2 protein chains.
Amino acid sequence: MDAYLSGAATTRFGRRSESLAALAREAGEAALAAAGVDRPDHVLVSCQFPGELGDAENVAVLVADTLGLLPVPAARVEAAPASGSAAVALARALVRSGEARDVLVLGVERMTHRPSAEIASVLARMTPPSERALGLTMPALTALMARRWMHATGASREDLALAPVKAHRHAVGNPHAQFRKPVTVADVLASPPVADPLRVLDCAPVTDGAAAVVVSHRGPVRIAGVGQATDTYAYTDRRGEPSLVGFPATRVAAHKAFSEARKMRRDVDVVEHHDAFSVLEFANVADLGLLDDPLARLEDGTTSLGGALPTNVGGGLKARGHPVGATGLAQAVELFAQLTRNAGARQVDGAKVALAHNIGGFGSNVFVTLYEAVA
Amino acid sequence: MDAYLSGAATTRFGRRSESLAALAREAGEAALAAAGVDRPDHVLVSCQFPGELGDAENVAVLVADTLGLLPVPAARVEAAPASGSAAVALARALVRSGEARDVLVLGVERMTHRPSAEIASVLARMTPPSERALGLTMPALTALMARRWMHATGASREDLALAPVKAHRHAVGNPHAQFRKPVTVADVLASPPVADPLRVLDCAPVTDGAAAVVVSHRGPVRIAGVGQATDTYAYTDRRGEPSLVGFPATRVAAHKAFSEARKMRRDVDVVEHHDAFSVLEFANVADLGLLDDPLARLEDGTTSLGGALPTNVGGGLKARGHPVGATGLAQAVELFAQLTRNAGARQVDGAKVALAHNIGGFGSNVFVTLYEAVA
């Protein structure tokens, strides 16, 4: 049996004053309405830090209650910032097992109300204490990757900045995006340093928001394949990766997803990938096997809206925003809009097959999900 | 397609000096060995506070990596202290959907190394801020329930103490239990007050431990039915419950589980229920519809080992211990042992059908799981 997306919706991402429950209600009600589903059989909630940042443990119940869905079965699924994709994958299993016809999958995170240092400290717990002691937080690890990528490809610091420039340009057309103003290479280079060579504008922001899809026994978008792969918890334990530029787990996950979906790379029309940092704009596309020279393809417009393989046309994590538990769902919402021809000014003409790529940890838990428009 | 338990194992519960990863390894390796499974297709991790108490976000990867199972798909499932049962339910869906043949479901929590006040503060986040402001933490809410139960049934404070006395008596025979020494009614009444009328010995302890099962396409124990129901996040929003003594969600979940399993209450031979506080020893058994007068049935030995319907023969949450993310799995491990005739001195003669009851929040997310021995 196949599973489908039958509806999808997102809140505006950004700095929001509403409570976590209110954000969840907004996205959840809109997704259910879009799907034409009054009472889902199950609710899966994706939220990475409900207790640490949201002051709400037992968040699956909070969401089900807020949406008036009691006594619906509800649980939370977590896989670091890949939580949303993990929840979609488990919702698919609920539908394919025959246990549910419609599953509301809702991602939500509220972050901007907490001090940056607190958020950094919580996020840092995704790396083991042995690496934290060396200062190897996510930004620091990615800075090393960026240096290595520049060395390996001969790319300049300015080239790296083309990633956020493209992301912001795309986000201008997305009414739900956090940052709807263009930035220049000069803006990126002039932004405050985070971990050399990365600067603030190289990094996805701290964001509030919610996004939701309904995974159903029927719908206009089929979940054609899901690939998932894990990798070492400590980056310093990672072996067999000669370049240090990419994430082996992305390659394994992509292989699984394409195999299951019986699709080829060239079948993909539109991509959402996990561009939490500039260098990932290039590394992810290469790891996914989609393009050989991602920098050249960014420069020639291939990966921009209107190009042959547009990626992150809603602004990506960088400019749409990155409310960690909601990010995987935001990707699904964007691709649902694309495949149902409802993406407005961002519409990718003739999009029939879409790919979502979502990373948890430093390349340690990667999901690749292929979606296909149903006739 | 049906799903089964093919293996199960637990660590000793109690105050443990090992890391969260080491506890997970101990239970996970033993469960896989018991199941005869080298490489599960999927890992689901149940842990309620990996970040807050365990210093390890992204814990599903930590567990998969520690067990040498990379690049296995892995995610965490959370439903407050019912997380373990939620993970078993989703593992069943993975097997029934055909996506997995063998799923390692591993619960782990490390708590005793943190100050009590910190643990209390983290646990308190399961109730909404509006109730916390009134002092309505889990122990306080349960104290109100205990008062109401005593009023409604005419039971005395001494009667309430029979619950921990029974739990400790059972735990003496369980080599994995935290407390293997008997306590008396006088001991319970003399223990320090927590929230009147509850005293320390009325409450499940703070515990470290891990427990795991393998959910498979075949095995000696069939998962015959799963019922789940949610209820209001705020207790003060709860309606339609005239007595305030029980949890409506338990009744709904039990109805679903028995319906799906096509079993009757009288078919059940052995029970694990969520006795996090004394009064629940009585309230749960009534909510489950198993016995009419749980206090009388405790007094006459019905619910003790050797009685007609033994409950919590391994000591329950009260005396086996309550490492919150591992509790649902510990229940499954005990019932797997019972149904495969491997429970040693705790063996319930002729046990063929078993019931697990696991509560998240204050009766706000309840699972009832029915297991059946396969011929």
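The values are calculated or read from the model by the stated rules, or taken from the named source; none is laboratory data. Being a predicted model, the structure only gives us computed values, none of them experimental. With ideal geometry, Cβ positions are generated from the backbone for all residues, glycine too; neighbour counts draw on all protein chains shown. Ligands, DNA and RNA are excluded from the accessible area calculation, which covers all protein heavy atoms including side chains. Shrake-Rupley method; radii C 1.70, N 1.55, O 1.52, S 1.80 Å.
A compact table of results
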read-out	value
Filter result (among the acidic types (Asp, Glu), within 15 Å of A:Gly107 (Cα to Cα) and in contact (Cβ under 8 Å) with a residue 60 or more places away in the chain) within region A:19-43	A:Glu26
Extreme residue, surrounded by the most Cβ atoms within 10 Å (Cβ to Cβ), among residues of region A:52-66 that are in contact with a Phe, Trp or Tyr (Cβ under 9 Å, 6 or more places away or on another chain) and among the small types (Gly, Ala, Ser)	A:Ala64
First in region B:165-183 and in contact (Cβ under 8 Å) with a residue 40 or more places away in the chain and within 12 Å of B:Leu305 (Cα to Cα), second anywhere and acidic (Asp, Glu) and in a loop (DSSP other than H, G, I, E, B), Cβ under 9 Å, 6 or more apart	B:Ala167/B:Asp275
Residue ID - farthest from the other protein chains (Cβ to nearest Cβ), chosen from residues in region B:73-125 that are touching a Gly at 6+ places or on another chain (Cβ under 9 Å) and modelled with pLDDT under 95	B:Val122
Any chance B:Ser6 is touching a Ser or Thr at 6+ places or on another chain (Cβ under 9 Å), open to solvent by less than 10 Å² (accessible area, probe 1.4 Å) and of a type in the set (Ser, Thr, Tyr)	no
Filtered residue count, region A:330-366, keeping only those that are of a type in the set (Lys, Arg) and not in a loop (DSSP other than H, G, I, E, B)	1
Residues of region A:94-122 classified as crowded, with 20+ Cβ neighbours inside 10 Å, free of Cβ contacts under 8 Å to residues at least 60 places away in the same chain and over 19 Å from A:Ala35 (Cα atoms), total	1
Yes/no for A:Leu141 being at pLDDT below 95 and not in a helix (DSSP H, G or I)	no
In region B:38-51, residue farthest from the other protein chains (Cβ to nearest Cβ) [restricted to those that are open to solvent by less than 20 Å² (accessible area, probe 1.4 Å) and either more than 17 Å from A:Ala82 (Cβ to Cβ) or of a type outside the set (A, V, I, L, M) (or both)]	B:Pro40
Residue within region A:140-152 that is closer than 29 Å to A:Ala87 by Cα and either of a type in the set (Ser, Thr, Tyr) or without any contact (Cβ under 8 Å) to a residue 60 or more places away in the chain (or both) present	yes
Failed item, numbered, when B:Arg92 is tested on (1) in a helix (DSSP H, G or I); (2) closer than 24 Å to B:Phe277 by Cα	(2)
Enumeration of residues in region B:227-257 that are assigned to a loop (DSSP other than H, G, I, E, B) and surrounded by 19 or more Cβ atoms within 10 Å (Cβ to Cβ)	B:Asp231, B:Thr232, B:Tyr233, B:Val245, B:Gly246, B:Phe247
Residues that are under 10 Å from the mean Cα position of the chain (by Cα) and more than 14 Å from chain B (Cβ to nearest Cβ), drawn from region A:335-370	A:Ala356, A:His357
Any hit, region B:79-93, residues being among the polar types (S, T, N, Q) and surrounded by fewer than 24 Cβ atoms within 10 Å (Cβ to Cβ)	no
Sole residue being at positive phi, among the charged types (D, E, K, R) and within 13 Å of chain A (Cβ to nearest Cβ), chosen from B:Asp55, B:Asp65	B:Asp55
Filtered residues of region A:145-188 (kept if among the aliphatic types (A, V, I, L, M), buried (at least 16 other Cβ atoms within 10 Å of the Cβ) and under 30 Å from A:Glu131 (Cβ atoms))	A:Met145, A:Ala146, A:Met150, A:Ala155, A:Leu160, A:Ala161, A:Leu162, A:Ala163, A:Ala167, A:Val188
Candidate set: region B:193-226, residues that are of a type in the set (Lys, Arg) and touching a residue at least 60 places away in the same chain (Cβ under 8 Å); chosen: the one most open to solvent (accessible area, probe 1.4 Å)	B:Arg218
Residues that are open to solvent by 20 Å² or more (accessible area, probe 1.4 Å) and among the β-branched types (Val, Ile, Thr), drawn from region A:286-332	A:Thr302
Of residues in region A:222-237 being facing chain B (nearest Cβ under 10 Å) and not β-branched (Val, Ile, Thr), the one farthest from B:Ala75 (Cα to Cα)	A:Asp237
Filtered residue count, region B:29-76, keeping only those that are in a strand (DSSP E or B) and touching a Lys or Arg at 6+ places or on another chain (Cβ under 7 Å)	1
Residue pairs meeting the criteria (Cβ under 8 Å; at least 6 apart or on separate chains; first of a type in the set (Lys, Arg), in region B:322-340; second open to solvent by less than 10 Å² (accessible area, probe 1.4 Å))	none
Filter result for the condition that a residue is of a type in the set (A, V, I, L, M) and within 26 Å of A:Thr66 (Cβ to Cβ), over B:Leu298, B:Leu290, B:Leu244, B:Leu309	B:Leu244
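To keep it simple, each residue is scored yes or no on (1) out of contact with any strand residue (DSSP E or B) (no Cβ under 7 Å at 6 or more places or on another chain); (2) closer than 21 Å to B:Arg148 by Cα; (3) assigned to a loop (DSSP other than H, G, I, E, B).
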| residue | (1), (2), (3) |
| --- | --- |
| B:Gly173 | yes, no, yes |
| B:Ala177 | yes, no, yes |
| B:Arg180 | yes, no, yes |
| B:Val183 | yes, no, yes |
| B:Val188 | no, yes, no |
| B:Val194 | no, yes, no |
| B:Leu201 | yes, yes, no |
| B:Ala210 | no, no, no |
| B:Val213 | no, no, no |
